[in-house]
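Remarks on the structure that follows.
Rule-based calculations on the coordinates, nothing more; no lab input. Remember, predicted model here, so these are calculated numbers, not experimental data. In this analysis, Cβ positions are derived from the backbone assuming ideal geometry, glycine residues included, and neighbour counts consider all displayed protein chains.
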Amino acid sequence: MAAPPDTELSPTLSLEVLPTDPLLLILSFLDYRDLVSCSYLNRRINQLSSHDPLWKRHCKKYWLISEEEKSQRNQGWRAIFISTYSDLGRYIHYYATLKKAWDDLEQYLGQWCPRMISSLKEGAREEDLDAVEAQICCKLPNDYRCSFRIHNGQKLVVPGLMGSMSLSNHYRSEDLLDIDTAAGGFQQRLGLKQCLPLTFCIHTGLSQYMALESVEGRNKYEIFYQCPDQMARNPSAIVMFITGTSYLEWFTSYVNKVVTGGYPIIRDQIFRYVHDKDCVATTEDITVSASTSFLPELSSVHPPHYFFTYRIRIEMSKDALPENACQLESRYWRITNAKGDVEEVQGPGVVGEFPVISPGKVYEYTSCTTFPTTSGYMEGYYTFHCLYNKERFFNVTIPRFHMVCPTFKVSTA
């Protein structure tokens, strides 16, 4: 058996003698905090941790800095990371997600709703947000602050960035409030204590609020629509329809729905109709699909009255024969609420019209319904007659589509 080596004759392994490339490779796997910590180990690691290419990944990951932007700023990656961190460091866990959401939204709006771009405001300054906190005596969540550093909401215009809804005698379009307007609407009254408005509709007065504290039955940073409890004598008794658990979740989920085509664009506006991809039915050459939306401003929990609007799309295949052109004669609906109660509705046309459908043509309309329960569904059929053979009538299936009220809470004020 060989004798153990003489430790006194063995060379001492030191960072100073290790080759540079493996050390740089190791450092490239570290996050920015660990990279900074390692720079305090010794002089050589300090020099290596300042190697500019090491900071490229962090600039792209946390601040979404592109090669083009780096060239415009005429700075190294490390200098860019440090200068950006000194300004936005408190938002490092939110900035990339929110900046990407804003960039995706702007790109989408530029293509489909260009006039909405001009309503967006430049980002707020850090001192502006600090001033609002001092004014309302409440801390703003960092994800909210971060978003408003990118864009300080929008001007009070129509259409609003946060979506529209239109019926024959009702119109809603929600603006994303800038920080000063939001602070002016900050609530301290019972029922909405310590709640900050995020959106506002100039037609209905409807807002979505964010709770800045856990009071009156709300969770901190929860976002909701409020409506009065119509059966309560106390005006502070309100019902809250929950739309988000945090600003980050609320805003990014909305943007994702918009940019993926989940909400239709109608007359340069984002309409908040939700379409279930399985909610499609084809009869012969005609396809019918439906999308739905809940309207909190027209709903009530006490008494139970849940208001929904739906949008129907009727389309004839462009490959259909010209002689298959037809006209809608009547409609039949079977409406079922969550208790299993059924109501049947039958009548001529749809919304007072008798649309003609021909190859490649689309007809869309909106209507509404109410339920005494928090959910329900509709299904039925349209009866058409052929234009070239008026003796021929046939039914076209309307797929079953469900309507569900959001989670709601009653204020404990």
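I want to verify the translational diffusion coefficient of segment 20-89 in µm²/s; compute it with Stokes-Einstein, Rh as the Kirkwood radius over Cα pairs, at 37 °C and 0.692 mPa s. Intermediate results must be reported in sequence, preceding the final value.
Numbers: Rh = 12.4 Å.
For the chosen part, D equals 265 µm²/s.
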*Between segment 214-257 and segment 264-328, the alpha-carbon center distance in angstrom*: 27
*Using only alpha carbons, build the gyration tensor for segment 96-260 and give me the equivalent ellipsoid semi-axes, biggest first, whole Å.*
25, 20, 14
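With respect to the cross-link table entries Lys60/Lys220; Lys99/Lys409; Lys61/Lys99, which display a Cα-Cα separation exceeding 21 Å?
On the way: Lys60/Lys220 32 Å; Lys99/Lys409 32 Å; Lys61/Lys99 11 Å.
Among Lys60/Lys220; Lys99/Lys409; Lys61/Lys99, the Cα-Cα distance tops 21 Å for Lys60/Lys220; Lys99/Lys409.
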*Calculate the tail of P(r) for the chain: the fraction of all Cα-Cα distances greater than 30 Å, expressed in %.*
57
*Determine the principal axes of the Cα atoms in segment 109-182, then give the extent along each, sorted from largest to smallest and rounded to whole angstroms.*
43, 28, 17
*Based solely on C-alpha atoms, express the radius of gyration and the Dmax of segment 42-123 in angstrom.*
16.0, 56
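With only alpha-carbon pairs counted, each pair once and no self-pairs, how large is the Kirkwood hydrodynamic radius of segment 273-406 in angstroms?
15.6
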*What relative contact order, as a whole-number percentage, does segment 20-89 give when Cα pairs under 8 Å and 6 or more residues apart are counted?*
26
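Explain nothing, just the number: dipole magnitude of segment 168-311 about its Cα centre with +1 on each Lys and Arg Cβ and -1 on each Asp and Glu Cβ, in debye rounded to the nearest 20. Intermediate values should be presented prior to the final figure.
Details: 11 positive and 15 negative charges, 68 e Å.
Approximately 320 debye in magnitude.
Give me the orientation-averaged projected area of the Cα convex hull of segment 107-147, in nm², one decimal.
Details: hull surface 14.8 nm².
Seen from a random direction, the Cα hull of segment 107-147 projects 3.7 nm² on average.
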